[in-house]
1. List the pairs from B:Lys150/B:Lys283; B:Lys109/B:Lys194; A:Lys8/A:Lys89; B:Lys221/B:Lys283 whose alpha-carbon separation is above 20 Å, in the order I gave them.
2. May I ask for the angle, rounded to the nearest 10°, between helix B:106-134 and the longest principal axis of chain B, with both axes built from Cα atoms and the value confined to 0 to 90°?
3. Can you tell me the 0 to 90 degree angle between the C-alpha axis of helix A:3-14 and the longest principal axis of chain A, rounded to 10?
4. Between A:Asp4 and B:Arg175, what is the label-to-label distance in nm when each label sits 7 Å out along the Cα-to-Cβ direction?
5. So if I take the centroid of the Cα atoms in segment B:60-134 and the same for segment A:132-167, what is the distance between those two points in Å?
6. Output needed: percent of Cα pairs per 5 Å distance bin for segment A:3-158, bins running from 0 to the one holding the longest distance.
7. How high is the relative contact order of chain B, in percent, counting Cα pairs under 8 Å that sit 6 or more residues apart?
8. Return the Rg/Rh ratio of the protein assembly as shown with Cα-based radii and a Kirkwood Rh.
Amino acid sequence: MTHDEVLKLLRDRFGADAITPSQFRDNQRVTIPAEYVLAVLETLKRDAGFDFLSDLSAADYLHYPNARDRFGVWYVLANTITGMRLVVKTWVNDPDPTLPSVYALWNGADWMEREVYDMYGIVFEGHPDLRRVLMPDEYTAFPLRKDYPMRGKGERHNFAVITRAES
Amino acid sequence: MPLQLADVIAPPEGIDQEYLWTLNFGPQHPATHTTLRLILTLDGETVVKAVPDIGYLHSGFEKLGEHLDYNQYVTIVDRMNYVSPVANEIAWFHSVETLLGIELTPRCKYLRTIFAELMRIHDHCLSCGAAALDLGALTAFFYLFVEREKIYDLSEAASGQRFHPSYLRLGGLLRDVDDHWVDMVRSFVKNFPKNYGDVARLLNRNRIFIERTRGIGILPKDEAINTSSSGPVARASGVVRDVRRDNPYLAYPELDFKVVCATTGDCYSRYLVRMEEMLESIKIIEQCIERLPPGPVNVDVDSKVVLPNQTSVYRSIEGLIQHFELIMSNRRWQTPVDEVYAATEAPNGELGFYIVGDGSGVAYRARTRPPSFIHFALFPRLIVGHQISDVVAVLGSLNIIAAELDR
């Protein structure tokens, strides 16, 4: 299946307005609204042969030139037979950035979604175990957001110092 | 909605809690090699449930990537998978150069390919050696570390640094290699098969090693694809996928090599795939070193992406201006306001960087796709039902590097 056929499949199923294709260098990209994420990814997996979720992550576009939405989330898909790649991108916004979890489609999304939740606070609905993965459980901030300073906000003071006798 | 750790370490439903016991494994344990923690629920010696707990080595690399410029971040990238540092640099600059649309010189492509394959041997030597070490076979570890030592020497001869070379630069390399280095690589390639053969004879048909690894931690093919595993872990399960072949980069389209695969997907086949890949890497290095093109190692200075050499900075106004333009924090590179994902086949699997450029010389977002992170998520499903002594066998076969796991 070529890239044009994939685009045609998506346009036929979701309407031409919902699908915004773009290309940069060798990356083929499709931007979709957040409510279509699960359906589009399921179509791509079932009918277009994208059986491999290469990467799932996000960025905070708070200070990005000409950005209209706050968080961009991307799914880098690959076809293990042909090696074809496709980046599916979507946008979510404050105050409750929420996306459906794709754990049911790819179990590999498990920790990647947890990392996005940990770093950006985007909640993936339907994820079986959405906890912080890298930061400690008591942490309250989302450190990769652009309004979070690189040197932290002094969270270290919130964590009690444990002596050897107490541990 | 977020669950508490206490809920997660509760035993699975339907199992009588009375006789189950919980074992805390790590974060400081000799067999984890790095800082990672496992909470194991055990029925006698059988693992009923395993919950990995990571983040002990989290140092905010991706946040740093948003504050250091494209050349500065290479020192941080080096420290991700410190077992094969140059492989990370290659992945990072592959993404940055894709973003900026830079075409490398042929000599640089070949030198980077040689380094990529040296690093594959570097990484596999540690992972096969440590896997054997954890199962009690100390000799193989020492034999393979002799080879690692030679690769450290090659790093040192090329870049001046053994452990974290920071050898690559945007659009080229720190400096070109000399003939002596080429001879060193030739002699490494010539002598490697002998030491390698010793290890293979020690382990491949070793009954204790086979009984500790065969049938342990089986990852079926469909599960390997579904869980996004890549590299030797996926290829040992029969997934014929190699970024070097499927999405070629550097000099790989011109080289002849095989994608090594197995079908069983257990610890033993992951070990065998890594061992065979080392021989393929030797073949690739041999081809590269014989075809190593002459010419410059950096892209043209007029492209305004590489630093000019010292003479032209000191002796010419153009060189001085260009140096100034690339070094001053409010100038640096002109990047497109766009984003790109590019991946390479690192020793551990697909190592990609998703870079969002905002027109400045610093990445707006530098996302790493770390193979260790994705492979460690597999661990609970590989270990359940096996013995506690198999924990180290499975950990060793996945080759988890905590610095890359936590970043």
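1. Values: B:Lys150/B:Lys283 17 Å; B:Lys109/B:Lys194 29 Å; A:Lys8/A:Lys89 17 Å; B:Lys221/B:Lys283 28 Å.
Pairs exceeding the cut-off: B:Lys109/B:Lys194; B:Lys221/B:Lys283.
2. 20
3. 80
4. If labels sit at A:Asp4 and B:Arg175, their model points lie 5.2 nm apart.
5. 29
6. Result, from short to long distances: 2, 8, 17, 21, 19, 15, 9, 5, 3, 1, 0, 0 percent.
7. Numbers: 742 pairs, mean separation 99.0, N = 407.
Across chain B, relative contact order equals 24 percent.
8. So for the protein assembly as shown, dividing Rg by the Kirkwood Rh gives 0.96.
Laboratory data are not the source of any read-out in this text; all were calculated from the coordinates shown. Quick caveat, the model's predicted, so the values are computed rather than measured. FYI the Cβ positions are ideal-geometry reconstructions off the backbone, even for glycines, and counts take in every protein chain you see.
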